[in-house]
Amino acid sequence: MAAEILRLIIYSAENAFIQVTVFVGAVLLLFGYIDYKHSGKLVKKIEESKKAQPIIGSLLGLTPGCGGAIFVVPLFPKGTVSFGTIVATLIATMGDSAFVLMSVMPLKYLLVSIISFIVAIITGYIVDYFNFGDKLLEKYNEKRRSEQELESLHRDADHTIQNIVLSEYDHRENIIPHIGHYEGDEIDLILHHTIKGHQETDTIGYKFTHNGYIIYWIIIAIGLIFGILDLFQVDLNDLAIPNLGAIMGIIGTGFSVIMMIMGKKFIQDDTHEETELKALFLKETLIHNAQETAFVATWVFLAYLAYELFILGLGLGDYSAGEALVTSFLSQTGLSAVIVGTLIGIIPGCGPQIIFVTLYTKGIMPFAALLANAISQDGDALFPLIAIDKRSALWSTVFNTIAALVVGILAYAIEINFF
């Protein structure tokens, strides 16, 4: 049994890295560069376009990862965007699990994105039609600090990361750059000083992630070649070097796990501060997208391994018997899977969502469950809203959950009738 478990660990590490991680890394790098070029402009556009805000918010939420949604969330407490825009953005957001689905099942990713986008816009405009955000904004404004208090708190706050930005990236204006808010305002104090926004700069973890990212991207680049060969049905373990695929998988997954541990990212991947730095500086994009790839890679590996061990355990040590039982169970799954997908989506952070989507790619649940999860989940984007205004975070979750259940149940009914 021990030998079989070890085999499954190696098998999971290889498949997770070669079949998913290398493609996630490539896509993340591409979208990271796009975000770096355009995120600030899109946020400015959404502030200027009052009537089209839910549509633009949905588009920002639709971008893979959490960056677009993280930028939009703080704009509601500022009064810059409507609450319906926040709801629409969070409904459209699929977080880092989007990279997994995009890499493994691109057509399903497109279908989920189109449906989520439509649902996000409709829900956003409904929320705004009933002016639901007015009372939330009123309650938030009642507890806002005075300018004098803000100045005092900002003076005493830790500015380590901001000072590094000013010195390392040569900002001669001596102004710390932000997207969607300003240095010293209420949002800045919460997202850059009150909550943990970045790694401590004097730690081993910081030094490892901010130097090791170069090695990691080299491993990803080499792995991508293996991934492409694997797509063409080349047996990587039957090349000139024996077990080359397994070796590459262990190296890639192993480095990913180390990178994730060093970055201390376990449930939440992106903070607002890190997302902002990525959009402002290309080097930060390379550093933090390496960490994001490692985060996704680790959770995908855990999902693969959990699945394999589950099958083995289900068959009481007989893998084939376990597979037969799972196949039988899948024919019994129904609305319960949709409800489970919705409830998992409520959990803030990308980790559990990556597990869920990865298991979907293994064929464990119906499409309706995936769709309900995609609509329900907010990735890392809910964390800043929780920090700024818990009441708004709660109500956005309520609206997202209702939309997820309604659409998920409808999708399941369509699957039953037509497929």
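The values are calculated or read from the model by the stated rules, or taken from the named source; none is laboratory data. None of these values were measured; they are calculated from a predicted model. Cβ atoms come from the backbone with ideal geometry, glycine included; neighbour counts cover every protein chain shown. The accessibility values were calculated without ligands, DNA or RNA, using every heavy atom of the protein model including side chains. Shrake-Rupley method; radii C 1.70, N 1.55, O 1.52, S 1.80 Å.
Placing unit charges on C-beta atoms (Lys and Arg positive, Asp and Glu negative, everything else neutral), compute the dipole magnitude of the chain about its Cα centre in debye, rounded to 20.
700
What number comes out for accessible area per residue over region 184-278 if the probe is 1.4 Å? Units Å², please.
Working: 4540 Å² over 95 residues.
Accessible area per residue: 48 Å².
Considering Cα pairs under 8 angstrom that are at least six residues apart, work out the relative contact order of region 330-390 and quote it in whole percent. Let's see the in-between values first.
Details: 68 pairs, mean separation 27.6, N = 61.
Across region 330-390, relative contact order equals 45 percent.
Under the rule of -39500 (n - 2.57) per DSSP H run of 4 or more residues, summed and divided by the residues of the chain, what mean residue ellipticity at 222 nm is obtained, to the nearest 500 deg cm²/dmol?
Details: 20 runs with 300 residues, N = 419.
Computed ellipticity for the chain at 222 nm equals -23500 deg cm²/dmol.
What part of the accessible area of region 241-324, given as a whole %, is carbon or sulfur when the probe is 1.4 angstrom?
74
What is the angle, in °, between the Cα long axis of helix 367-376 and the longest principal axis of the Cα atoms in the chain? Nearest 10 is fine, range 0 to 90.
20
Given a cut-off of under 8 Å on Cα pairs at least six residues apart, what relative contact order in percent is computed for the chain?
Reported as a whole number, the value is 25 percent.
Rounded to the nearest whole Å², what accessible area per residue is found for region 351-408 with the 1.4 Å probe?
25
What's the angle, to the nearest 10 degrees (0 to 90), between helix 351-361's Cα axis and the longest principal axis of the chain?
Helix 351-361 sits at roughly 40 degrees to that axis.
Output the relative contact order of region 39-89, whole-number percent, from Cα pairs under 8 angstrom with separation of 6+ residues.
43
Counting other Cβ atoms within 10 Å of each Cβ, which trypsin sites (Lys or Arg not before Pro) in region 114-146 have at most 13 and sit in a DSSP loop?
Lys143, Arg144, Arg145
Would you mind getting the accessible area per residue of region 84-157, heavy atoms of the protein chains only, 1.4 Å probe, in Å²?
53
If you average the C-alpha positions of region 262-282 and of region 347-408 separately, how far apart do those two centres end up, in angstrom?
Taking the Cα centre of region 347-408 as reference, the centre of region 262-282 is 20 Å away.
Rank Lys50, Lys278, Lys283, Lys362 by accessible area, highest first, at a 1.4 Å probe radius?
Lys50, Lys283, Lys362, Lys278
Quick one: putting +1 on the C-beta of Lys and Arg, -1 on the C-beta of Asp and Glu, what dipole do you get for region 278-419 around its Cα centre, in Debye to the nearest 20?
Dipole about the Cα centre, nearest 20: 300 debye.
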